[in-house]
Structures are given as C-alpha cells and as structure tokens.
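The numbers here are math on the coordinates, done by the rules we state, and not lab data. Since this is a predicted model, take the numbers as computed values, not measurements. Reconstructed Cβ throughout: ideal geometry from the backbone, glycine too, with neighbour counts over all protein chains shown.
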Amino acid sequence: MVLVKIIIILGVILLVVAYLTYLERKVIAHLQVRIGPMRVGWHGLLQPIADGLKLLVKEDIIPEKADKWVFILSPIICLVPAFVVYAVIPFSQHFYLANINIGILYIISISALGVYGIVLAGWSSNSKYALLGGFRSAAQMISYEIFLGFSIIGPLMLAGSLNTLKIVEAQSGVWFIIYQPLAFALYLIAGIAETNRIPFDLPEAETELVAGFHTEYSGMKFAFFFLAEYANMMVVSSMAVILFLGGWKGPFLPGIVWFAIKVGAFLFLFIWLRGTLPRYRYDQLMRIGWKIMFPLCLLNIALTGIIYYLFL
Amino acid sequence: MINLSLLTPEIIVLITALIVLILDLLPWRGRKVLLATVGVLGTVGALLITMGQWDLREEAFYGMVAIDNFSVYFKALFLIICTLTILLSINYITRGGIDLGEYYSLVLLATFGYMFMASGTDLITIFLALEILSLAVYILAGFMRHSPKSNESAFKYFLLGAFSSAFLLYGIANIYGVVGNTNLKDIAQYLSQEAALKNPLFLAGMGLLLVGFGFKVAIVPFHMWTPDVYEGSPTTVTAFMAVGTKAASFAAFLRVFFYTLEPLKGQWVPVLWLLAAVTIIFGNTVAIYQKNIKRMLAYSAIAHAGYILVAMVAGNDLGSSSILYYLLVYSLMNLGAFGVVIIVEKKEEENLTISDYRGLAYKHPMLSAAMSLFLLSLAGIPPTGGFVGKFYIFSAAVSGGYVGLAIIGVLGSAIALYYYLRIIVYMYMYDPEKEFLDGPVPFFSAAALVITAIGTILLGITPARILELAHYSISYLGH
Amino acid sequence: MHQIFFWGFALLAVFSALMVITRRNVVHSALFLISTFFWVAAIYILLEAELLAAIQILVYAGAIMVLIVFTILLIHVEETKIINPWQRQRPIAILLGVFLLGEIFLILSRALFPESIAGTALQQVAQEGNTEAVGKLLYTKYLFPFEVASILLLAAMIGAIVMAKREIEK
C-alpha cells in the first residue's frame with residue numbers, strides 16, 4: 001500500500017516537474033510577448049517529453065580530468081533529497097506517506113543536503129567556471145538556509161508542533177499568513193534564494209560563469225540537476241502552503257485540489273519573478289541576507305514570542 | 001531552583017568582557033588603558049561579591065552549580081589571577097603590538113570559564129567551562145599573529161587540547177552510560193552501591209577523566225604540549241595559563257575525585273602516586289637543561305603539578321587543605337616570576353634566555369630582589385610561601401603513610417634548587433653587559449609585582465589563617 | 001528485524017569511518033564522514049530518537065560538513081602530501097590499537113548497565129513525544145549548560161574574528 005503511494009507520488013511529481021519546464025517556457029514567452037514552444041503537439045504540449053527523450057539518448061560526457069566517482073555521484077546527491085522530502089508533505093487530510101513528529105525539521109535537514117550535490121559537481125568537474133559556481137552556491141545556500149530555518153520559527157511557535165499535519169490543523173480558523181506576514185515575506189525570499197532562482201541565481205550566472213556548477217554536465221546527469229531544481233521549487237512552495245496558507249484547507253473543493261491550486265500559484269509566482277526581475281550582484285545578495293533578513297528574522301521570533309505570551 | 005542572583009560574580013565578569021569589547025570601538029587613542037581599567041574594576045567588583053558568598057552553601061540551576069566554600073575560595077583565586085594578569089599585560093601588549101581590545105575580553109572570558117570549573121557540580125557544566133576557558137586561551141596563545149612561534153604554540157595547544165577534551169568527554173559518556181546521569185551528586189549516590197565499584201565501564205570512564213584532567217594540569221606523561229606552548233605564547237598569556245588554567249583544572253579535578261569518586265580511592269590513588277613521582281622527577285630533571293627562561297618555568301610548572309598530586313595522594317585533612325594553600329602560593333609566586341620576565345623581555349624575543357639575566361641586579365636592584373624572592377619561593381626556601389606550602393604537602397604525605405613519595409618530592413625540590421639558584425647567580429654574580437629596559441619599570445607591572453611579592457612573603461610568615469580557610473573550603477566539599 | 005537494521009547501519013557506519021581515515025583524497029574523506037553521520041542518524045531513528053537524528057543530519061551533515069568541504073575546496077589540499085605518516089611506528093601503533101580495541105571489548109562485555117535508564121527515557125518520550133521531552137529538559141534541568149554553551153560560541157566567535165582580523169597598522 002505504501003509502495004503504491006510512493007510510486008504514485010513520485011510519478012505525479014516527475015510529470016509535474018516535466019511540465020513545469022514547459023510552463024516556465026510558455027509563461028515567460030507570453031510575458032515577453034513571444035509564443036514559446038509550438039511544434040511538438042498542440043501548442044507544444046508534448047515538448048517536455050521530447051526534451052526528456054533527447055536528454056536520455058544524448059552522449060554522456062565525463063571530462064578527462066574530472067574526479068569520476070564524485071562527478072557521477074553529484075547529480076544523484078542533488079536529486080535524491082529533493083524527492084525524499086515529499087515523504088512528509090500532506091497533500092490532503094488523508095493522502096500523505098508518513099506522519100512523523102518532526103516533519104518540518106525532516107524537510108529542512110534533508111533539503112540541506114542538496115548543496116553537496118552542487119558544490120561537489122563544481123569541484124569534481126575540474127573546471128574554473130564550475131568551481132566558482134559551486135562556491136557561490138555553497139555560500140549562498142548555507143546563508144539562506146539559516147534564514148529559511150529562522151523565518152519558519154514564528155509559525156511553528158503558533159502551531160506548537162513540528163508535525164506537518166498538526167501545523168495544517170492549527171490553521172483551521174485563520175491561516176498563519178495573517179498572523180505572520182513578516183515571516184511569510186522572509187520565507188519567500190529565502191526560499192527563492194535557496195532554490196537558486198532569479199533574482200538570486202548567481203551560481204549559474206551565464207554571463208560570468210557560463211552555466212555555473214553544471215557547465216561540464218550533459219545528457220541525463222544534466223537533466224538530474226534540472227529535475228532537482230524544479231522539484232526543490234515544489235518543495236519550497238509546498239512548505240509555504242503548509243506553513244502559511246493552511247495546507248489542503250479550503251471550501252467546496254477536495255483538499256488535494258486546494259493544495260494543488262495553492263502550490264500552483266507559488267510556482268507561477270516563481271516563474272513570474274524570473275520574467276520580471278534582474279539578477280542581484282553577489283555582495284548585494286550577502287548583504288541582504290546577513291544585514292537585513294537575519295535581524296528581521298530574529299525580530300519576528302522575538303515579537304511572536306512576546307505577543308504569544310501576552311495575548312494567547 | 002534557578003537562583004540566578006547567586007551567580008552575580010560570574011555575570012559581572014561576563015558583562016565586563018562584553019563592555020570591554022564594546023568600549024574598544026571608541027575612536028580614542030588612549031582607550032586601551034581604559035579597557036584594562038574597566039577589566040580590573042570588573043574583576044575586583046566580582047571578587048568582593050565572591051568574598052561575600054563565604055559560608056553560603058547554596059545550589060543554583062537545578063544542581064548544576066554549587067556556591068560552596070570550595071568554589072568561593074577558587075573563584076577568589078581566579079579573580080586575583082585575572083586582575084594581576086591584566087595589570088601585567090597593559091604595557092606588554094602595547095610593546096608587542098597586540099593591543100587589541102579582544103585581548104582583555106578573552107582573558108575575562110577565560111576567567112569566566114575558570115570560575116565554573118570550580119563551581120560546576122555536573123560533568124556537563126565542568127566540560128562546558130573547560131571548553132570556554134580552553135577556547136579563549138587557544139586564541140590568546142596565538143595572539144601574536146606575526147610570530148611563527150606564537151602560531152605554533154596556538155596550533156599545538158589547540159590540537160592537543162581538543163584531543164584531551166575528547167578523552168574527558170569519552171570518560172563522561174562512559175560514566176553517563178552506567179549511571180544514567182552526569183550530576184556529581186547522583187554519581188556519588190550510584191557509587192554507594194557495592195556492585196557499582198567493580199563496574200569496568202565506570203572504571204574506564206574514571207581513567208579517561210584522569211587523562212583529560214592530566215592534560216590540562218600538565219602532569220607527566222600528558223605534559224608534551226607544555227614547553228612549546230608556554231614558550232611560544234605571549235608571556236602574559238603564558239603566565240595566565242600557567243597559573244589560571246592549572247588551578248582551574250585542579251579545582252574540577254579535586255571536586256570530581258575527592259568528592260564524587262571518593263569511594264574508588266583504592267583504584268586511583270596508586271595511579272596518582274606513580275604519576276606524581278614521575279612528574280616530579282621528570283619535570284625537575286629536564287628543567288635543568290633549559291636555556292630559555294619560559295621553557296624552564298614551563299618544566300617547573302610541570303614539577304609543581306607533581307607536588308600537588310602528592311597532596312592528593314596523601315588525601316588526609318592536612319593534604320587536602322594544603323592543595324588549596326599551595327595553589328594560592330603557586331599562583332602568586334609564579335605570576336611574580338613571570339612578571340619579571342614580562343618586564344625584562346623585549347620585542348623580537350630578546351632577553352628570554354637565562355644568560356640574558358647577567359648582571360640584572362646592578363641595573364635594577366629592586367627587580368632582581370623581587371625575582372630572587374619568587375625563585376626562592378618556587379624552590380621552597382623559608383621564609384617564603386613556597387616553603388610553607390611544600391612543608392605542609394610533604395608532612396601530609398608522611399603522616400598519610402606515603403614516606404617514599406615524600407622523599408621523592410624532597411629530592412625533586414633539591415634538584416629544583418639548582419636551576420632556580422642559577423638565575424640568581426646570573427643576576428648577582430656577573431657584570432651587566434647591556435641596558436635591560438628601554439625606560440623605567442612600567443607602573444602597572446610594578447604594582448602587580450608588589451602585590452605578588454607581599455603575598456608570597458605574608459603567606460610564608462603567617463600561613464595559619466589561609467590554611468584554615470583552605471581547610472574550611474575543602475572539608476565542606478559536597479555538604 | 002530491528003537487529004538486522006541495527007547491524008546493517010552499524011557496519012556501514014564503521015565502514016564509512018574507516019574509509020574516512022584511509023582515503024588519500026581529502027574530499028573523499030569528507031564525503032565518507034558525511035555518510036558516517038548518516039548511518040549514525042539512522043541508528044538514532046532505530047532508538048526512537050528521531051529529533052536527535054534530524055538534528056544530527058541538520059547540524060553535522062547539513063552545516064558543519066558543508067563548511068569543512070567548502071574550506072577544503074578553498075585551500076586546495078585535495079591530496080595529502082605525506083607518503084607515510086607512520087615513520088617506523090606502524091607495528092607499535094597496530095599493536096597498541098589492537099590492544100585498546102580488545103580492552104574496549106572486554107570492558108563492554110563485563111559492564112553493568114542499569115536497566116532503569118532506558119526505560120524512563122522511553123516512557124517520557126512515549127508520553128509527550130521526542131521534541132517536547134527534549135525541549136522541556138533543555139529549559140529546566142539543563143538550562144544552565146544550554147545558556148553557557150552560547151558563551152562558548154561567543155568566545156569562539158571572538159577568537160575567529162581576532163584570527164581573521166587584519167594586522168594593526170603602525
């Protein structure tokens with residue numbers, strides 16, 4: 001039974017991730033008054049499948065000077081955590097894989113491992129661009145992971161639990177976004193940075209670093225990084241929905257539909273931002289993180305604690 | 001039961017450390033003296049409050065910290081050491097080009113760690129205190145970043161210190177594994193069962209604790225780091241750790257072994273007997289061959305740890321109170337001796353070999369007189385505190401039935417006489433070849449020397465009062 | 001079932017630990033160290049200490065090791081230069097190692113563990129859950145070490161800043 005669930009969830013996620021690439025291309029195209037992919041299928045609907053097939057049969061190149069084992073391992077290290085975390089995400093009241101007490105902590109600690117994939121990919125390629133991209137990404141992800149963790153302490157204090165199901169149940173009345181607007185904003189910024197999306201996509205800034213840490217990758221290994229990035233986007237969105245937007249809760253429609261709608265809105269926001277904003281400079285990124293976001297996170301925790309103690 | 005107010009002295013030291021950090025931001029050239037002044041005021045304030053805690057016998061933070069006479073005695077000692085170190089440092093760190101505000105802050109933080117070494121009644125508290133003081137002292141040891149020797153010293157100290165912490169921690173883990181608690185009281189209660197005394201895991205834990213403490217107090221064979229670290233560190237830091245870290249580690253060592261592990265005496269006394277004998281013989285013998293005065297004092301510090309072990313082995317009333325007495329005397333006379341080294345030392349490690357002291361008496365008679373006093377006290381010659389301390393220790397050993405150990409101790413002291421007197425010979429029997437100091441003796445350093453000299457003499461002439469205090473401190477351990 | 005998992009995880013942890021100290025490439029050593037932390041975390045889960053397991057991964061694998069890997073890559077020490085760090089001490093080292101290992105086994109086989117400890121801890125966890133139990137202990141009985149640890153970190157921070165600071169200009 002659990003195995004069937006795992007297969008269903010993995011299949012759906014893979015499919016969604018594949019179509020997310022399509023959605024991204026389509027949405028950005030329309031934002032920029034283009035039309036995007038049109039050739040494969042109706043309005044290019046089969047494009048992701050064609051892309052996938054292409055990547056599968058492409059020649060897989062391992063650079064001569066690369067550290068072979070680590071080179072092969074890195075995309076896997078990147079991909080696995082991105083998918084494993086779905087184990088504790090409740091898609092609806094009854095549809096989830098595991099109900100564990102430390103759900104949120106589990107998500108944070110597992111997704112913290114993705115950074116190894118990136119930094120080791122950069123190192124093992126034995127290429128300057130890749131190494132620089134790996135470094136940037138490691139520094140960025142370590143910094144923003146801290147803010148990501150700190151920004152969710154507010155809602156966790158209100159929920160009084162780390163269990164994802166209980167957190168959603170605690171929002172039966174009012175969603176936490178009402179109580180925790182600051183935390184929500186901080187979480188969103190940290191989440192975008194954590195997934196290396198524009199405006200924080202410095203690790204793969206193509207003008208400076210060719211393609212960043214995955215410069216030397218091709219074929220299926222390259223596809224793994226791609227899949228991981230989109231899967232991580234979905235994780236960040238799902239966590240935002242669980243922590244701030246009441247998870248599966250909503251009127252009339254079944255829970256799973258509400259969950260999909262909310263996550264979809266976030267994914268659209270991610271793409272929208274990419275179509276709109278320019279990229280930050282590296283020093284700006286670090287300054288925003290440590291000098292603005294970090295104090296705000298602490299302030300939010302302190303305020304939440306004081307207000308919780310006084311009024312609730 | 002939190003009882004935060006009982007920790008006022010520690011909190012004052014901590015806040016002083018933070019204030020010093022902040023005051024260092026003042027854009028004012030003379031601020032370094034201000035920092036030292038604030039540091040001294042803070043420690044003296046804490047010292048006064050600590051003295052007011054005599055006979056309080058309270059516990060704080062759910063039995064994690066005890067305010068008993070034992071901890072009050074040691075805390076007062078650490079605060080005195082801290083004050084004297086700051087006084088000695090003011091001029092030295094300016095000369096050495098290391099007058100960062102963080103220096104005083106780290107000295108104060110280390111003192112904060114020392115204080116909890118004495119008052120911690122839980123192995124976790126003791127471990128954390130040890131880590132705080134170690135971290136602060138590692139940094140202080142490497143404070144002269146432009147000097148390769150200082151770097152070497154910090155690095156060696158850090159690596160070996162981390163290694164020894166691992167021993168201590170492993171010992172704590174073993175003990176926790178069999179007792180299920182890290183509180184000294186609970187461990188003592190566990191040991192009241194007959195079967196517990198033969199539990200090999202517990203004994204292994206005790207052995208590892210012994211190794212961990214042995215590293216920190218620098219007894220043979222865990223002394224390897226001492227000479228290099230003492231030689232390379234800035235001399236003020238050497239003085240600070242030679243007395244402070246040693247006394248603090250002995251404080252925790254005593255509390256754990258004298259109070260909690262008392263029922264296992266039969267197991268650890270023979271080991272300490274052997275360690276004491278080896279430490280005294282080795283420390284004193286190797287000290288003879290040293291040319292650098294800091295290295296010589298390092299080996300002498302090792303030997304002195306051996307004398308204290310003798311008193312621990314004796315374990316009777318006189319023995320245990322003489323440990324506390326001796327640690328006070330040792331701190332004063334060692335700080336004094338290092339104080340003279342600090343004053344005479346010049347930049348680029350000049351004036352650090354023993355032959356550099358040639359003819360010091362003809363240029364600086366007061367300084368040489370003070371140095372002679374401290375060296376005679378270290379050698380154990382009346383009427384100094386060092387003599388009385390050694391006298392108490394050896395008579396405790398004899399009355400405890402450890403005549404052999406007492407003889408080894410006396411023989412060791414006789415060897416020590418040679419290398420201490422050698423410096424006095426150099427100072428008085430040769431003609432001076434050069435100028436020693438660039439100017440007059442700096443005021444603050446002189447003040448520190450006067451305090452230590454008076455202390456050393458007073459302890460030699462009227463020891464009874466302090467010995468009584470020491471007695472009250474240790475006999476109420478755990479009550 | 002429990003036993004099989006335990007031995008599996010334990011063997012993997014020991015194997016990874018051995019690889020850490022035998023690899024010549026420092027990056028590989030670091031990777032195996034991460035894997036060691038993982039298997040240890042897995043054993044924590046077997047012991048129903050899931051909070052500890054999560055924190056183990058978050059703190060050690062997720063934070064400390066990232067910094068270590070980062071530093072290794074920054075200062076380029078991938079290959080250790082020393083060919084034989086043992087000099088001629090290898091036989092003595094092996095002998096001592098075997099002796100110590102034997103001693104540890106002997107001690108463990110004869111050690112007396114009180115049965116009550118494990119029981120009480122599990123009861124507490126069963127009543128209120130892992131996180132609550134740890135949280136309560138941290139803020140009551142272990143409040144003091146918890147707070148003092150922050151001063152330890154402060155000292156480390158000051159130290160790091162001092163070491164990294166530029167030289168004083170004359």
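Jot down the per residue volume, in cubic angstrom and as a whole number, of the convex hull over the alpha-carbon atoms of the protein assembly as shown.
Roughly 197 Å³ of hull volume per residue.
Could you tell me how far the Cα centroid of region B:308-339 sits from the Cα centroid of region B:443-479, in Å?
Comparing the Cα centres of region B:443-479 and region B:308-339, I get a distance of 10 Å.
How big, in percent, is the set of alpha carbon pairs in region B:4-474 lying more than 39 Å apart?
Everything past 39 Å amounts to 16 percent.
Give me the one-decimal Kirkwood hydrodynamic radius in Å for region B:166-238, with the sum taken over alpha-carbon pairs.
Taking every pair of different Cα atoms in region B:166-238, averaging 1/r and inverting gives 13.8 Å.
Quick one: net charge of B:PHE338's neighbours, Cβ under 12 Å, K/R +1, D/E -1?
0
Starting from the amide H of C:GLU48, placed 1.01 Å from N in the peptide plane, find each other amide H under 5 Å away whose residue is 5 or more places distant or on another chain.
none
Work out from phi, with θ = phi - 60° and the Karplus expression 6.51 cos²θ - 1.76 cosθ + 1.60, the ³J(HN,Hα) of each residue of region B:144-149, listed in order in whole Hz, and give x for Gly and Pro.
7, 6, 7, 9, x, 5
Can you give the Rg to Rh ratio for region B:115-260, taking only C-alpha atoms and Rh from Kirkwood?
Reported Rg/Rh (Cα atoms, Kirkwood Rh): 1.03.
If you split all Cα-Cα distances of region A:88-140 into 5 Å bins from zero, what percentages do you get per bin, shortest first?
Taking every Cα pair in region A:88-140, the percentages come to 4, 19, 18, 13, 10, 10, 11, 9, 4, 1.
Enumerate the calculated ³J(HN,Hα) couplings along region C:88-95 in order (Karplus 6.51 cos²θ - 1.76 cosθ + 1.60, θ = phi - 60°), each rounded to whole Hz, writing x wherever the residue is Gly or Pro.
Once rounded to whole Hz, the list reads 9, 8, 3, x, 5, 4, 4, 4.
Take the cross-link list B:LYS216/B:LYS363; B:LYS75/B:LYS185; B:LYS75/B:LYS216 and give me the ones stretching past 27 Å between alpha-carbons.
Working: B:LYS216/B:LYS363 38 Å; B:LYS75/B:LYS185 21 Å; B:LYS75/B:LYS216 18 Å.
Check vs 27 Å cut-off fails for B:LYS216/B:LYS363.
Taking region C:1-79, how much of its Cα-Cα pair set, in percent, is spaced more than 22 angstrom apart?
29
What do you get for the angle between helix B:464-475 and the principal long axis of chain B? Use alpha-carbon atoms, 0 to 90 degrees, nearest ten.
40
Starting with the highest mean, order B:225-231, A:179-185 by the number of other Cβ atoms within 10 Å, averaged over the residues of each peptide.
On the way: B:225-231: 23.7, A:179-185: 19.7.
So the order, starting with the most tightly packed, is B:225-231, A:179-185.
Where Rh is the Kirkwood radius over the Cα pairs of region A:152-250, the temperature 20 °C and the viscosity 1.002 mPa s, what D in µm²/s does Stokes-Einstein return?
On the way: Rh = 15.1 Å.
Translational D for this selection: 142 µm²/s.
Against the longest principal axis of chain B, how steep is helix B:69-95, in degrees 0 to 90 to the nearest 10, with axes from Cα atoms?
Tilt relative to chain B: about 30 degrees.
Please compute the average number of Cβ atoms from other chains found within 10 Å of each residue's Cβ in peptide A:133-144.
What the average comes to for A:133-144 is 2.
Just to be sure I understand: if I project the alpha-carbon convex hull of region B:347-460 onto a plane and average over all orientations, what area do I get in nm²? Mind showing how you got there, number by number?
Values: hull surface 32.9 nm².
Mean projected area of the Cα convex hull: 8.2 nm².
If you fit an axis through the alpha-carbon atoms of helix A:181-194 and take the longest principal axis of the Cα set of chain A, what angle between them do you get, 0 to 90°, nearest 10?
Tilt of helix A:181-194: around 20 degrees.
Count charges around B:GLY63 for me, please; just the other residues with Cβ under 10 Å from its Cβ, Lys/Arg as +1, Asp/Glu as -1.
-1
Which values of log₁₀ I(q)/I(0), to two decimal places, follow from the Debye formula for chain A at q = 0.09, 0.14 Å⁻¹ with a uniform point scatterer at every Cα?
Each listed q corresponds, in turn, to -0.47, -1.15.
For chain A, compute the number of Lys pairs whose alpha carbons are separated by less than 28 Å, excluding pairs fewer than 8 positions apart on the same chain.
Value for chain A: 23.
Looking at region B:15-140, I'd like the Rg to Rh ratio, where Rg is from alpha-carbon atoms and Rh is Kirkwood's inverse mean 1/r.
Rounded to two decimals, Rg over Rh is 1.01.
Please give the Cα centre distance for region B:118-134 versus region B:41-67, rounded to the nearest Å.
Cα centroid of region B:118-134 versus Cα centroid of region B:41-67: 16 Å apart.
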